[in-house]
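We did not get these values from a lab; they are worked out from the coordinates using the rules stated. Note that the coordinates shown come from a computational prediction; the quantities given were computed from them, not determined experimentally. Here Cβ is always computed from backbone atoms with ideal geometry, including for glycine, and neighbour counts include all displayed protein chains.
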């Protein structure tokens, strides 16, 4: 199962003319599937506890990276579609301003005072947040606004919660610019 | 207690303990606690405190610029997101850092740090 999954991933990545988004969504789904169903790995149960822990950490890192790629790609190219990643219980704190729920969060993000922007990610750190499969993702990077000379530096954290469909949504989102 | 007030109280306690007596941080972590320090992953109170007490400076001072907090879910946890400056004794310029904590309630009515991620913010 693990072997087949990896071969399929490589096939999609290198042979299919898929948009990057579809690849990222596939990897996100694939990672989350394996995270929720560790027994799907045929070799999983034969590993030592240390081996399993290492594998779990790898999975958590993979989900974190796939999510970050997906999130900032959407942000930079199609901000309204970020709505798919939030739910009514989601909370965003944006530069100290607290906002709750998909509609309010998307309204805030689409009316930020710039048309185009580009996020460049420097660091991504991920950890399991609890026993319910939640994942914390801590990001730092730069944000280039169109027309501005210098990029802004930022830090952001996400708390991802698994959905019944096997994906993740953002329950907690905190964004801060890092002033020099 | 109001969540924002709780977050501020935790942050003050954490960094004043860090700056005065790093070993004293062990009461804030448990075996399940995870720290990622500049990309290095460490688990469990003993290992975490060993890492923090072995950092290559004797004295430091954290100065906090921002504290944001949100409840993390039905288990009563709280996420705390901090940014600030870290002044090392002997260094002319302070380092900028960001850090996030995931605090979980203890049966005794206190909190411990389940997740801790620290990153310096380089120019």
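Quick one: compute the contact order of chain B, relative version, from alpha carbon pairs under 8 angstrom and 6+ residues apart, as a percent. Intermediate values should be presented prior to the final figure.
Details: 228 pairs, mean separation 29.1, N = 123.
Worked out over chain B, it gives 24 percent.
Specify whether the C-alpha gyration tensor of the range B:10-99 places it in the rounded, prolate or oblate class, a ≥ b ≥ c being the square roots of the eigenvalues: rounded for a/c under 1.5, otherwise prolate if a/b is larger than b/c and oblate if not. Intermediate results must be reported in sequence, preceding the final value.
Working: a/c = 1.91, a/b = 1.27, b/c = 1.50.
Oblate is the answer for the range B:10-99, as a/c is 1.5 or above yet b/c matches or exceeds a/b.
What value, in deg cm²/dmol to 500, does the helix sum -39500 (n - 2.57) over DSSP H runs of n ≥ 4 give at 222 nm once divided by the residues of chain B? Could the numbers behind the result be given before it?
Details: 2 runs with 27 residues, N = 123.
The per-residue figure over chain B is -7000 deg cm²/dmol.
Cα centroid distance between the range A:104-133 and the range B:91-121, in Å?
Between the Cα centres of the range A:104-133 and the range B:91-121 lies a distance of 20 Å.
Could you put A:157, A:62 in order, starting from the residue whose Cβ has the fewest other Cβ atoms within 10 Å? If you can, show how the numbers build up before the last one.
Values: A:157 26, A:62 18.
By the 10 Å Cβ count, ascending: A:62, A:157.
In nm, to one decimal, how far is the modelled label at residue B:27 from the one at residue B:94, with both set 7 Å along Cα→Cβ?
The two pseudo-label positions are separated by 2.7 nm.
Taking a ≥ b ≥ c as the square roots of the Cα gyration tensor eigenvalues, with a/c under 1.5 meaning rounded and otherwise prolate when a/b beats b/c, else oblate, which class fits the range A:102-161?
Details: a/c = 4.55, a/b = 1.57, b/c = 2.90.
Judged from the Cα gyration tensor, the range A:102-161 comes out oblate (a/c at least 1.5, b/c at or above a/b).
Based on the Cβ-Cβ distance of residue A:150 and residue A:57, what FRET efficiency does E = 1/(1 + (r/R0)^6) give at R0 = 41 Å, to the nearest 0.05? Mind showing how you got there, number by number?
Values: r = 36 Å, r/R0 = 0.88.
Rounded to the nearest 0.05, the efficiency is 0.70.
With each pseudo-label sitting 7 Å past Cα toward Cβ, what's the residue A:78-residue B:58 distance in nm, one decimal?
That separation, rounded to one decimal, is 5.9 nm.
Please give, to one decimal in nm, the separation of the simple spin-label points placed at residue A:110 and residue B:51, each 7 Å out from Cα toward the Cβ.
So the label points at residue A:110 and residue B:51 sit 4.1 nm apart.
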